[in-house]
Amino acid sequence: LVTIDLTFVDIALNVDPTSQPERACRKDLASLVQNQEYDAIIEELQSRNADANQCLSLKCADMTGLEHSVYEHDWRMASIFLLHGADPARNEFSRFLQMFDFSAGNDNPVLLQSSLSRPDFSNLCALVEDDDELSLAYLWLMETWHRGRITLENDFACFFDVMESVCGDWFDRKELKQDFRNSILVMRNIGIPCSTARKNIEDHMLGLIHGVLRDIAFEDATLILYDRSESSHV
């Protein structure tokens, strides 16, 4: 007769599954990012299976998903991460970037020291070319929405330039400007203080920026910038 000690079986059967560092069903966020599996990324972030600010071991460097998206000029993915809580204050890329020397006729990787020092949108802007106006326009939208503040004095002209660059034919600069003017006149005529009227317009501008980022992230078929029926009640 052989006696088997089953103590280890009891221990194995009573392991708390929440003590495991990763659930077996959890998908690899780095792989999803590199393969541009947008819907799967949204699902992981919304279900909180993944942290929008986690450092990912990617082919080019260790970066957050937001940083990698900006580096790859993938503005849909960048919008997805930003809208799900990605914060440039938690940027990870501060070491080396693997570059490829195509000018030398080969694709051997060359490690370059990063010149980035501050974890914010300045770092993200440093990941694109200085003359890449479209990428800088996307980053302006993202930074303004993330900051949660826009002013008519400082940002009005830039807002229209950026929206026109990003939205193209969907955006009617002249019509929206006129709607803003009409809204201010309506609010003034009903006795709303000027400072409050301006704040209402600024909040509406932020709402439009959020709508654009949302439409980019979720690829809505129609980019609805504003509801004309509500334009006089901004």
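No lab work stands behind these numbers, since they all come straight from the coordinates. Please read these numbers as outputs of a predicted model, since none were measured by experiment. Don't worry about glycine lacking a Cβ; one is built from the backbone with ideal geometry, like all the others, and counts go over all protein chains shown.
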- [ ] Would you grab the residues whose amide H sits under 5 Å from the one on MET63? Only those 5+ places off in sequence or on another chain, please, with H modelled 1.01 Å from N.
- [x] LEU56, LEU58
- [ ] Work out from phi, with θ = phi - 60° and the Karplus expression 6.51 cos²θ - 1.76 cosθ + 1.60, the ³J(HN,Hα) of each residue of the stretch 57-62, listed in order in whole Hz, and give x for Gly and Pro.
- [x] 7, 9, 4, 7, 5, 8
- [ ] Identify the trypsin sites (Lys or Arg not before Pro) of the stretch 143-216 meeting these criteria: DSSP loop state and at most 15 other C-beta atoms within 10 Å of the C-beta.
- [x] ARG149
- [ ] Assuming a ≥ b ≥ c are the square roots of the Cα gyration tensor eigenvalues, decide whether the stretch 29-90 counts as rounded (a/c under 1.5), prolate (otherwise, with a/b larger than b/c) or oblate.
- [x] rounded
- [ ] Starting at the first residue of the stretch 174-186, write each ³J(HN,Hα) from the Karplus equation 6.51 cos²θ - 1.76 cosθ + 1.60 with θ = phi - 60°, in whole Hz, x for Gly and Pro.
- [x] 4, 5, 5, 4, 5, 4, 4, 4, 4, 5, 5, 5, 4
